[in-house]
Amino acid sequence: MPKLTGIFSNFKDLDKIPIADISRWLKSQDKVRTLEDFVANRMLYPQTVPITSSDMEVDFAIFREAITRQPNLVYSESQNTIFITHELVIRFPPLDKLLNVIVKSVSIRGVAKIVLKEQKNTNVLGSIVSLPLPQGDQVTVVVGGKSMNLKVGIVDIIHITKPKIDLKIGENPLVMAYGGKVGVIIDLRRK
Amino acid sequence: MNLYETSISANMRPRILRNRFVHVKRVILGLGKILVKTGTEVQPEDVIGRSNFTPGFFAINIAQKLGVRPSEGLKFLQRPLGKAIYTGELLAFKKNFLGKKVVTSPTDGLIEFYDAKTGDLRLKYLPKEVPLASGVYGCVDYVDPIKGEVLIKAMVTEVLGVFGSGKERNGLLRVLSLDGLVQKDQINDEGRQHVLVVGSVLYADVLKKAVGYGVTGIITGGINARDFKSMGVSIDPRRRIGSDIGVSVVATEGFGHSPIGEDLANVFKEYEGKFVFINGNISQIILPSNSSDSILALRKIYLPVTRAPIVPPEVSLGGVSVGTQIRIIWPPYFGAHGKVVAVDKTVTVLESGIATFLLTVETPKQKIKVPYPNVEII
């Protein structure tokens, strides 16, 4: 019989994620005592939505741990593409934060396209670029001929709407990145 | 988004199903005899079977009580191994210049075995004749004399929770609390063979004590997820086949602290002291009709006898509009019941960033606004 489900019904084995793995992402530890009940109720009522920002913070923490264990929910390794659904975007707003969490949870190499899958079509929102980094605290990034120095250790977003753009990070060869509504997310964290 | 272009739906979960016709299973314990046949009409107090049942063993450390080495305990036994002994009779005796020590039997039993390494004497409880009462008004539809099973067609009220664990069991219903916290010292021998209603949350210490005292079932508003997992039970609603920890548990609302909903609380109050069936694995409680008139209705009903596993009614999708009765399934107001008095025509962006339609719900205490995905239709 049809029924309302939700993003959380796609996650396997949520009950097996150690609570400490989820709670480490929370700014406040107030909710830790009731965190196991929270996760269990999410599994029981996956269609429910968080009302408060602190509940949303917990949902993001659960999502982060779930996709670390099941990256195929959002990432196709064979196509090197992040696929996000309209349902995911409306359930985990804002979009920038959602993508930030995905970048930090899924192991991506090179240039991965970000594609939004809607009911009738797909849209390229941009791309994530993760390349080997040189020594030092800063790296030179050239985007569409424009050079900038960015701090190593962070994830940065460059808002570019052009569908394709040339990009060079440090001494790496020139690559072609994809722009769009989101732009180019450059992962400058050392791994 | 405009309401007129979008219809509001929510999940509909059946909680109380009245005047249902089901087969209830009654099984004799141990070896025995079924006394009824197919077609017999029965009342709750009717004995439908008898069996001889040995409820297990009891151990008493003779050596410790006599103050002797375990290897020497056997020689002080006053009744040989293999013989019966009754409560209060002399079991072991030692006398010397320091005085005497007497051990009497704490129970009726068969002196079965003495362990010379530990000093434990094992007594097997004597078999008792146990009558099996019908427990329900109904018609016998099927008898299996080899398995000692009887299926009785009965008219019942079916109560469905949201989560549970444990096989089908039965017992007299006792309400300890509907919305408070039951402590472990409230669980005692009076709960044996009972199905207890324990209030708003179930913790492991209460659960373990209930198992120890032979409580057959526990009904609670909420379950503490951490404690439940520590008992080896999966809390994934998709993996609930065949778990059993020695007692059947049904949660009516969810996980964490949540009073039993008013709708179910009223039913449990109505059935206090009555014989009920509980199946934790499908979160089901069967409350047989208290009226002998139910047999009149049963005579007109044909219910095929089947060995197929029971499938609980599914959660389905229903429309939400003004007047719909709902239950709130996410904090705040988790577990509250009310009626929808208004449906917003435009979306609201919540503090969490989620954009959704809100419902105005009137509960017995107040009017509140709730996102529509956070309710279930009842």
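Read-outs: derived from the displayed coordinates by stated rules, not from any lab. Predicted model only: the values in this text are computed from it and were never measured. With ideal geometry, Cβ positions are generated from the backbone for all residues, glycine too; neighbour counts draw on all protein chains shown.
Write down the percent of antiparallel bridges among all DSSP beta bridges whose residues are both part of chain B, to the nearest 5. Don't jump to the answer; show the numbers that get you there.
Values: 85 of 103 bridges.
Counting only bridges with both partners in chain B, antiparallel ones make up about 85 percent.
Ignore the peptide's own chain and count Cβ atoms of other chains within 10 Å of each Cβ in B:324-336; give me the average, rounded.
2
How large is the Rg to Rh ratio of chain B when both quantities use alpha carbon positions and Rh follows Kirkwood?
Numbers: Rg = 26.7 Å, Rh = 24.1 Å.
Checking Rg against Rh, the ratio lands at 1.11.
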How about the stretch B:273-378: which chymotrypsin sites (Phe, Trp or Tyr not before Pro) there lie in a loop by DSSP and see at most 12 other Cβ atoms within 10 Å? B:Y302
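With N set to the number of residues, divide the alpha-carbon radius of gyration of the stretch A:67-165 by 2.2 N^0.38 Å and report two decimals. Before the final figure, lay out the partial values.
Values: Rg = 14.3 Å, N = 99, 2.2 N^0.38 = 12.6 Å.
This ratio for the stretch A:67-165 stands at 1.14.
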Under the Kirkwood approximation applied to all pairs of distinct alpha-carbon atoms, what is the hydrodynamic radius of the stretch B:1-123 in Å? 20.2
Compute the FRET efficiency between B:D189 and B:T346 as 1/(1 + (r/R0)^6), taking r as their Cβ-Cβ distance and R0 = 60 Å, and round to the nearest 0.05. 0.50
Helix A:95-105 sits at what angle to the longest principal axis of chain A, using alpha carbons and giving 0 to 90 degrees rounded to 10? 90
Environment charge of B:F93, counting only residues whose C-beta is closer than 9 Å and scoring Lys/Arg +1, Asp/Glu -1: +4
Nearest-5 percent of antiparallel DSSP beta bridges in the stretch B:186-331? 20
Can you list residues whose amide H is under 5 Å from B:F57's amide H, if they're 5+ apart or on another chain and H is modeled 1.01 Å from N? B:Y125
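Ranked highest first by average number of other Cβ atoms within 10 Å, how do B:316-323, B:19-26 line up? Don't skip to the answer; put the middle values down first.
On the way: B:316-323: 13.4, B:19-26: 17.2.
Those peptides, ordered most packed to least, come out B:19-26, B:316-323.
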B:L31 paired with B:Q43, simple spin-label distance in nm, labels 7 Å along Cα-to-beta-carbon: 3.4
So, by mean Cβ neighbours within 10 angstrom, what's the order for B:126-138, B:213-225 with the highest one leading? B:213-225, B:126-138
How big is the gap, in Å, between the Cα center of the stretch B:151-175 and the Cα center of the stretch A:17-65? 33
Whole-Å distance, taken between Cα centres, linking the stretch B:58-83 and the stretch B:21-46: 43
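Please average, across the residues of A:53-63, the number of beta carbons from any other chain that are within 10 Å of each residue's own beta carbon, and give a whole number.
On the way: counts 4, 2, 6, 5, 1, 0, 2, 0, 0, 0, 0.
Partner Cβ neighbours, averaged per residue: 2.
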For the stretch A:1-108, what is the convex hull (Cα atoms) projected area averaged across all directions, in square nanometres? 7.3
Can you compute the modelled spin-label distance between A:K120 and B:T118, with each label point 7 Å from Cα toward Cβ, in nm? 7.5
Roughly how tilted is helix A:53-69, in degrees to the nearest 10 and between 0 and 90, from the longest Cα axis of chain A? 70
Between the Cα axis of helix A:35-44 and the main Cα principal axis of chain A, the angle (0 to 90°, nearest 10) is 80
If each DSSP helix of 4+ residues adds -39,500 (n - 2.57) and the sum is divided by the residues in the protein assembly as shown, what number results at 222 nm, nearest 500 deg cm²/dmol? -4000 deg cm²/dmol
Non-local residues with an amide H under 5 Å from the amide H of B:S243, with H modelled 1.01 Å from N and Pro and chain starts lacking one, are B:G166
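What average count of beta carbons from other chains do you get within 10 Å of the Cβ of residues in B:345-358?
Values: counts 0, 0, 0, 0, 1, 8, 7, 12, 10, 10, 3, 3, 0, 0.
If you average over the peptide's residues, the count of other-chain Cβ atoms is 4.
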Coordinate range along principal axes, alpha carbons of the stretch B:117-208, Å, largest first: 48, 44, 21
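Obtain the radius of gyration and the Kirkwood radius of chain A from its C-alpha atoms and give Rg over Rh. Present the calculation step by step, with values, prior to reporting the outcome.
Numbers: Rg = 17.9 Å, Rh = 17.9 Å.
The Rg/Rh ratio comes out at 1.00.
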So how far apart, in nm, are the two label points at A:K12 and A:R189 if each is 7 Å from Cα heading toward Cβ? 2.4
Taking max minus min of the Cα coordinates of the stretch B:301-359 on each principal axis, largest first, gives extents in Å of 53, 24, 19
Determine the principal axes of the Cα atoms in the protein assembly as shown, then give the extent along each, sorted from largest to smallest and rounded to whole angstroms. 103, 70, 44
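Work out which GluC sites (Glu not before Pro) in chain A are exposed loop sites (DSSP not H, G, I, E or B, at most 14 other Cβ within 10 Å) and give the longest gap free of them. Write out the running numbers ahead of the final one.
Details: sites that count: A:E77, A:E118, A:E171.
The longest uninterrupted stretch comes out as A:1-76.
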Note: B:L90 to B:F58 extended length (0.36 nm per residue) minus current alpha-carbon separation gives 9.9 nm
Residues in the stretch A:20-47, backbone N under 20 Å from the label point at B:E314 (7 Å along the Cα-to-beta-carbon vector): list them, ranges by number please. A:43-47
With both bridge residues required to lie in the stretch A:1-158, what share of the DSSP beta bridges run antiparallel, to the nearest 5%? 75
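Whole-Å semi-axes of the stretch B:217-365's equivalent ellipsoid, largest first, each the root of 5 times a Cα gyration tensor eigenvalue?
Numbers: eigenvalues 212, 107, 54 Å².
Over the Cα atoms of the stretch B:217-365, the ellipsoid semi-axes are 33, 23, 16 Å.
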Residues whose modelled amide H sits under 5 Å from the amide H of A:I114, counting only those 5 or more places away in sequence or on another chain, are A:I82, A:L125, A:G126, A:S127, A:I128
Could you give each residue of the stretch A:70-79 its phi-based ³J(HN,Hα) in whole Hz, using Karplus coefficients 6.51, -1.76, 1.60 with θ = phi - 60°, and x for Gly or Pro? 10, x, 5, 5, 10, 10, 9, 5, 5, 9
Share of pairwise Cα separations in the stretch B:52-187, more than 19 Å, in percent: 68
For the stretch B:184-195, in residue order, the Karplus 3J(HN,Hα) values (coefficients 6.51, -1.76, 1.60; θ = phi - 60°; whole Hz; Gly and Pro = x) are 5, 6, 7, 9, 8, 5, 5, x, 4, 6, 10, 9
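At 0.36 nm per residue, and after removing the present C-alpha to C-alpha distance, how many nm does the segment from B:N290 to B:D144 gain when stretched out fully?
Details: separation 146, 0.36 × 146 = 52.56 nm, distance 2.60 nm.
That pair, B:N290 and B:D144, stretches by 50.0 nm at full extension.
With N denoting the number of residues in the stretch B:168-242, provide Rg(C-alpha) divided by 2.2 N^0.38 Å, to two decimal places.
On the way: Rg = 12.1 Å, N = 75, 2.2 N^0.38 = 11.3 Å.
Computed over Cα atoms of the stretch B:168-242, the ratio equals 1.06.
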